[in-house]
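K.L.:
Structure in structure tokens, see below.
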Amino acid sequence: MPRFRSLTTSLLATLTLALPACEGDVFLLAANGTLLVGVVSRGPVEPVCRVGVPCDAPFAAGFTVTRDGRIVAAFRSGSDGRFRVELPTGGSYRVVPDADAPLLAPEAQAREVTVQAGVVNQVELAFDTGIR
């Protein structure tokens, strides 16, 4: 029994409870883990934007995360635009849409993000559809 308790204590010591990042969400992080969560949107989604009608919309696509020119992670956003990706540590990263993302020149639309180590980092990323 002491061995089981020690294992349980060790396991709990390596996990950190991260409070909600998005309303209703709770994430568990490894002790030194860094989590990036957020929403991607694209716009305009109509040739003519009108008052009272959203001109941007969330979208599903694949993304690559790089640091110093090296790929460190990849993720796919859901149809609601929400995503979550674990990163190795805090610092600056580039989030690059995959070539098949429904955007104007996706690879050219990289977004810089800076994250803090050991916490859940929230971000909203907006991309251009090219509709004019």
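The values are calculated or read from the model by the stated rules, or taken from the named source; none is laboratory data. Everything numeric here is computed off the predicted structure, so don't read it as measured data. Note: ideal-geometry Cβ built from the backbone for every residue, glycine included; neighbour counts use all protein chains shown.
K.L.:
Quick check: is even one residue across segment 99-108 within 12 Å of Val40 (Cβ to Cβ), surrounded by 15 or more Cβ atoms within 10 Å (Cβ to Cβ) and within 13 Å of the chain's Cα centre (by Cα)?
P.N.:
No, there is no match, as no residue in segment 99-108 is within 12 Å of Val40 (Cβ to Cβ), surrounded by 15 or more Cβ atoms within 10 Å (Cβ to Cβ) and within 13 Å of the chain's Cα centre (by Cα).
K.L.:
Search segment 110-132 for residues being within 11 Å of Arg42 (Cα to Cα) and surrounded by 14 or more Cβ atoms within 10 Å (Cβ to Cβ), and hand back the single one that is modelled with the lowest pLDDT.
P.N.:
Top of the filtered list is Ile131.
K.L.:
Same structure again: Taking the criterion of being in a strand (DSSP E or B) and more than 14 Å from Val123 (Cβ to Cβ), would at least one residue in segment 44-52 satisfy it? Break it down stepwise before answering.
P.N.:
Just the residues of segment 44-52 that are in a strand (DSSP E or B), to begin with: none.
Within segment 44-52 (the criterion being in a strand (DSSP E or B) and more than 14 Å from Val123 (Cβ to Cβ)), the answer is no, since none of the residues qualifies.
K.L.:
Can you name the number of the only condition in (1) in contact with a strand residue (DSSP E or B) (Cβ under 7 Å, 6 or more places away or on another chain); (2) surrounded by 16 or more Cβ atoms within 10 Å (Cβ to Cβ) that Asp80 fails?
P.N.:
(2) is the only condition that Asp80 fails.
K.L.:
Something else about it: Hey, can you tell me all the residues within segment 72-118 that are aliphatic (A, V, I, L, M) and part of a helix (DSSP H, G or I)? Steps first, answer last, please.
P.N.:
Just the residues of segment 72-118 that are aliphatic (A, V, I, L, M), to begin with: 72-74, 85, 87, 95-96, 99, 101, 103-105, 108, 110, 113, 115, 117.
The one that is aliphatic (A, V, I, L, M) and part of a helix (DSSP H, G or I): Ala108.
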